[in-house]
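I have a structure here, written as structure tokens, and I will follow up with some questions on it.
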Amino acid sequence: MNSMYMSLTNAPSKQASLTCKNISPLDSYFKRCQASKPQFTRIFFQVSKRKKRIVCQVNMSAQSTAGQVIRCKAAVAWEAGKPLVIEEVEVAPPQEMEVRLKILFTSLCHTDVYFWEAKGQTSLFPRIFGHEAGGIVESVGEGVTHLKPGDHVLPVFTGECGNCRHCKSKESNMCDLLRINTDRGVMLSDGKTRFSINGKPIYHFVGTSTFSEYTVAHVGSVAKINPAAPLDKVCILSCGISTGLGATLNVAKPTKGSTVAIFGLGAVGLAAAEGARIAGASRIIGVDLNPNRFEEAKKFGCTEFVNPKDHNKPVQEVLAEMTNGGVDRSVECTGNINAMISAFECVHDGWGVAVLVGVPNRDDAFKTHPVNFLNERTLKGTFFGNYKPRSDLPSVVEKYMNKELELEKFITQQVAFRDINKAFDYMLAGEGIRCIIRMDA
Ligand code: NAD
Ligand code: ZN
């Protein structure tokens, strides 16, 4: 069987045919091949009665895409706040230390929405958003040795070059070369975009731009994962869920029996709550302005709820009263500056730790009285939950594979790629948690 596989992968023509006496082993063999080799795009069998043999044909046309420009569909944001438009774009081949990915599933995170709205953020258009996704490597550029066509991967908005002081440090995931940069819309190697429409460049977003059937990323922004992991589920680990989980487990580090407040009960906050439950917190207090979040949050370990709108005093005071002076840990997942300040001021003096995760507006400033620090409260912040994307993300995927982490409950909607704007509507209306966008539909 192996020699047959070799002859197919090396076949120069667009179609290769082979003969085989028995169809069933071929069928399962090619299904496996297709999972790891995206160039096996079509497989079909022909039974020739006269010769009493089975002919298997594999369409090799996709194999020829390596080194070529790919024309495919992408959801382009032409202007701030205007619905995305599905366009045919040209995706250039990957350059040195880059890979081109076939995106199979993507989802929408609130960070995409902020930069698409561009109200308090840098405005850079036309742009292809998207950074929470799963896909398969289509081809690799010069110098890429640890990824190959067919690898299953999760692109990540903040990368890991592996060589800088941050990548070598056990504490940091703030890679000098590839750390999140929301303002850059071009590739690092040559300052150009890999997307264009009739020669007009279309900008990238956080080095991932996953709202496209094909995208190009720096190799350091791509985590290779277990090929058995279902990409329609683990795609949400490439941003929101790992971020929230890591913010609690790696940064806030609550001890068993402690009290944790979670501000913002979207996907990131609910994953942070899940982290608090895994850590053995006894009280997990969810804080959100949207009362619809509260029922759902119970599934993620929240034991109590506070809606700041229901009180006529600052929410930090409400939490202090509920907890005899303050919570042990708080994790802020809203992006709202006032919630960030409340999340800090609600932690107990002497030992309390607050962790900021939400992405603030460009001009926000954090204001609190310095005595809050003198009274021994700690304020921290994190991108991607302090996980190093390439080194650590594969093991988070394994947590799902080993049933230590449930992902299904985060996935509340699915839409076809052509309906991607519906995912924006759901998020803006605060409906559901994560919406999976299927690229093939
Ligand atoms: P989401 O919209 O699904 O959830 C946000 C929740 O916060 C909503 O339920 C909303 O009602 C609530 N909220 C908003 N303002 C509030 C306030 N003042 N007080 C209480 N609750 C409030 O968003 P998400 O996708 O879960 O993302 C959450 C935040 O995390 C966003 O700011 C996003 O940009 C950020 N983020 C950061 C990182 C990181 O690495 N640091 C990664 C992913 C997302
Ligand atoms: Zn995100």
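Per residue of the chain, what 222 nm ellipticity follows from adding -39500 (n - 2.57) for every DSSP H run with n ≥ 4, rounded to the nearest 500?
My calculation for the chain gives -6500 deg cm²/dmol from helical runs alone.
Given a 1.4 Å probe and heavy atoms of the protein chains only, how would you sort 218, 131, largest accessible area at the top?
Working: 218 40, 131 5 Å².
Correct descending sequence by accessible area is 218, 131.
A further question follows. Would you work out if segment 356-441 is rounded, prolate or oblate? Take a ≥ b ≥ c from the square roots of the eigenvalues of the alpha-carbon gyration tensor; rounded if a/c is under 1.5, else prolate when a/b is larger than b/c, oblate otherwise. Walk me through the numbers on the way to the answer.
Values: a/c = 2.72, a/b = 1.52, b/c = 1.79.
Oblate, because a/c is 1.5 or more while a/b does not exceed b/c.
OK, next. How far apart, in nanometres, would the label points at residue 362 and residue 66 be if each is projected 7 angstrom from Cα along the Cα-to-Cβ direction?
Spacing of the two 7 Å Cα→Cβ label points: 4.2 nm.
Out of the DSSP beta bridges found with both residues in segment 242-383, what percent are antiparallel (nearest 5)? Intermediate values should be presented prior to the final figure.
On the way: 0 of 21 bridges.
So the antiparallel bridges amount to about 0 percent of the total.
Order the following by accessible area, largest value first: 193, 210, 145. Probe radius 1.4 Å; ligands, DNA and RNA are ignored.
On the way: 193 30, 210 0, 145 125 Å².
Heavy-atom accessible area, descending, gives 145, 193, 210.
I want to verify the translational diffusion coefficient of the chain in µm²/s; compute it with Stokes-Einstein, Rh as the Kirkwood radius over Cα pairs, at 37 °C and 0.692 mPa s. Show your work: numbers first, answer last.
On the way: Rh = 23.1 Å.
So the translational diffusion coefficient is about 142 µm²/s.
Charges at C-beta only: +1 for Lys and Arg, -1 for Asp and Glu. How large is the resulting dipole of the chain about its Cα centre, in Debye rounded to 20? Spell out each step's value before the answer.
Details: 52 positive and 44 negative charges, 455 e Å.
For the chain, the charge dipole is close to 2180 debye.
How many angstrom lie between the C-alpha centres of segment 96-123 and segment 210-264?
15 Å
If you don't mind, another one. Below 8 Å, C-alpha to C-alpha, sequence gap of six or more: please give me the relative contact order for the chain in percent. Numbers along the way, then the final one.
Values: 1048 pairs, mean separation 61.8, N = 441.
That works out to 14 percent.
With Kirkwood's inverse mean 1/r over C-alpha pairs for Rh, give me the Rg to Rh ratio of segment 56-180, two decimals please.
Working: Rg = 16.9 Å, Rh = 16.7 Å.
We get a ratio of 1.01 for segment 56-180.
Scan segment 377-409 for GluC sites (Glu not before Pro) in coil per DSSP, keeping those whose Cβ has at most 12 other Cβ atoms within 10 Å, and list them by number. If you can, show how the numbers build up before the last one.
Numbers: sites: 398, 404, 406, 408; in loops: 404, 406.
Hits after loop and neighbour filter: 404.
For segment 310-392, what's the relative contact order in percent, using C-alpha pairs closer than 8 Å and at least 6 residues apart? It would help to have the intermediate numbers written out before the result.
On the way: 130 pairs, mean separation 22.4, N = 83.
That works out to 27 percent.
Could I ask something else about it? Mind jotting down the distance between the C-alpha centroids of segment 282-302 and segment 354-376, whole Å?
After rounding, the separation between the Cα centres reads 23 Å.
Next question. Sort 373, 263, 305 by heavy-atom solvent-accessible area, probe 1.4 angstrom, most to least.
Values: 373 90, 263 5, 305 60 Å².
My answer, sorted largest first, is 373, 305, 263.
Once a ≥ b ≥ c are taken as the square roots of the eigenvalues of the Cα gyration tensor of segment 138-284, is the result rounded (a/c under 1.5), prolate (a/b larger than b/c) or oblate (a/b not larger than b/c)? Intermediate results must be reported in sequence, preceding the final value.
Working: a/c = 2.03, a/b = 1.93, b/c = 1.06.
Verdict is prolate for segment 138-284.
Hand me the trypsin sites (Lys or Arg not before Pro) from segment 225-297 located in a DSSP loop with no more than 15 other Cβ atoms within 10 Å, in residue order please. Walk me through the numbers on the way to the answer.
On the way: sites: 233, 256, 277, 283, 293; in loops: 256.
Listed in order of number, the matching sites are 256.
Hey, any idea what the orientation-averaged projected area of the convex hull of segment 242-383's Cα atoms comes to, in nm²?
Numbers: hull surface 30.7 nm².
If you wrap the Cα atoms of segment 242-383 in a convex hull and average its projections, you get 7.7 nm².
Here's something else I'd like to know. Note down the relative contact order for segment 148-232 as a percent, whole number, built from C-alpha pairs under 8 angstrom at least six residues apart. Mind dumping the intermediate values first?
Details: 128 pairs, mean separation 29.8, N = 85.
Rounded, it is 35 percent for segment 148-232.
Hey, another quick one. For segment 332-420, which trypsin sites (Lys or Arg not before Pro) pass both filters: DSSP loop (anything but H, G, I, E, B) and at most 10 other C-beta atoms within 10 Å?
Answer by residue number: 367, 403.
Next question, about the same structure. What does the accessible area of residue 214 come to, in Å² to the nearest 10, when a probe of 1.4 Å is used?
Looks like 40 Å² after rounding.
If you don't mind, another one. By the gyration tensor of its Cα atoms, with a ≥ b ≥ c the square roots of the eigenvalues, what is the shape of segment 226-307: rounded for a/c under 1.5, prolate for a/b over b/c, or oblate?
Working: a/c = 2.25, a/b = 1.39, b/c = 1.61.
Oblate shape, in that a/c is at least 1.5 and b/c is the bigger or equal ratio.
Using a 7 Å offset from the Cα along the Cα-to-Cβ direction at both residue 349 and residue 85, what is the distance between the two label points in nm, to one decimal?
In this crude spin-label approximation the distance works out to 5.9 nm.
So for segment 82-140, Kirkwood radius off the Cα pairs, Stokes-Einstein at 10 °C and 1.306 mPa s: how many µm² s⁻¹?
On the way: Rh = 13.4 Å.
Calculated translational D: 118 µm²/s.
The values are calculated or read from the model by the stated rules, or taken from the named source; none is laboratory data. Predicted, not measured: the structure shown is a model, and the values here were computed from it. Neighbour counts are summed over all protein chains in view; Cβ atoms, including those assigned to glycine, are modelled from backbone coordinates with ideal geometry. Calculation scope for accessible area: heavy atoms of the full protein, side chains included, ligands and nucleic acids excluded. Shrake-Rupley method; radii C 1.70, N 1.55, O 1.52, S 1.80 Å.
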